[in-house]
Amino acid sequence: MEKKLNANQIKLIAIVAMTIDHLTWAFFSGTQVVWYVFVLHIIGRLTAPIMWFFIVEGCHYTRNMGKYIGRLFLFAVISHFAYDFAFGIPFLPLSTGVFNQTSVMWSLAWAAVLVWICD
């Protein structure tokens, strides 16, 4: 009998990997030359491809693409303030530069819009 991972188990892997990465940034910020810190960041990098996969899955299986994209943007707005607060970034977008200003949720939401346009 072949064992396969279901969607919830894959999401749990992404959550654990992201938590490991965020805790590594919190406790070892700027210390990426140490081998075990580097390995912890590599584990954390598993999260992004899993999230992108589930955005495409969500676009494929949703009944109402507009509501799905709306929820993604709503979560992006909410997570923007949490991200900025956690990392000490001013709440106004682009006030301290172009990069690292908000969470990845904006990119995920815009990716869903592009999937919708291409579909």
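The values are calculated or read from the model by the stated rules, or taken from the named source; none is laboratory data. The model shown is predicted, which means the values in this text are computed figures rather than measured ones. As a convention, Cβ positions derive from the backbone with ideal geometry for all residues, glycine included, and neighbour counts pool all protein chains shown.
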Of these, Ala17, Ala7, Ala48, which one is of a type in the set (Gly, Ala, Ser) and either more than 30 Å from Asp119 (Cα to Cα) or touching a strand residue (DSSP E or B) at 6+ places or on another chain (Cβ under 7 Å) (or both)?
-> Ala17
Determine whether the stretch 97-108 contains at least one residue that is touching a residue at least 60 places away in the same chain (Cβ under 8 Å), under 24 Å from Lys11 (Cα atoms) and surrounded by 11 or more Cβ atoms within 10 Å (Cβ to Cβ).
-> no
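If I filter the stretch 1-31 down to residues being among the polar types (S, T, N, Q) and under 21 Å from Ser103 (Cα atoms), which single residue comes out as surrounded by the fewest Cβ atoms within 10 Å (Cβ to Cβ)?
Going through the qualifying residues, I end up with Ser29.
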Quick count over the stretch 60-70, residues being part of a helix (DSSP H, G or I) and surrounded by 15 or more Cβ atoms within 10 Å (Cβ to Cβ), is 3
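Would you mind finding the one in Val77, Val33 that is modelled with pLDDT under 95 and either of a type in the set (S, T, N, Q) or outside any helix (DSSP H, G or I) (or both)?
So the residue among Val77, Val33 that is modelled with pLDDT under 95 and either of a type in the set (S, T, N, Q) or outside any helix (DSSP H, G or I) (or both) is Val33.
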Which pairs do you get when a residue that is touching a residue at least 24 places away in the same chain (Cβ under 8 Å), found in the stretch 76-91, comes within reach of a residue that is part of a helix (DSSP H, G or I), reach meaning Cβ atoms under 8 angstrom, with the pair 6+ apart or on two chains?
-> Ala76/Met105; Ala76/Trp106; Ala76/Leu108; Ala76/Ala109; Ser79/Met105; His80/Met105; His80/Trp106
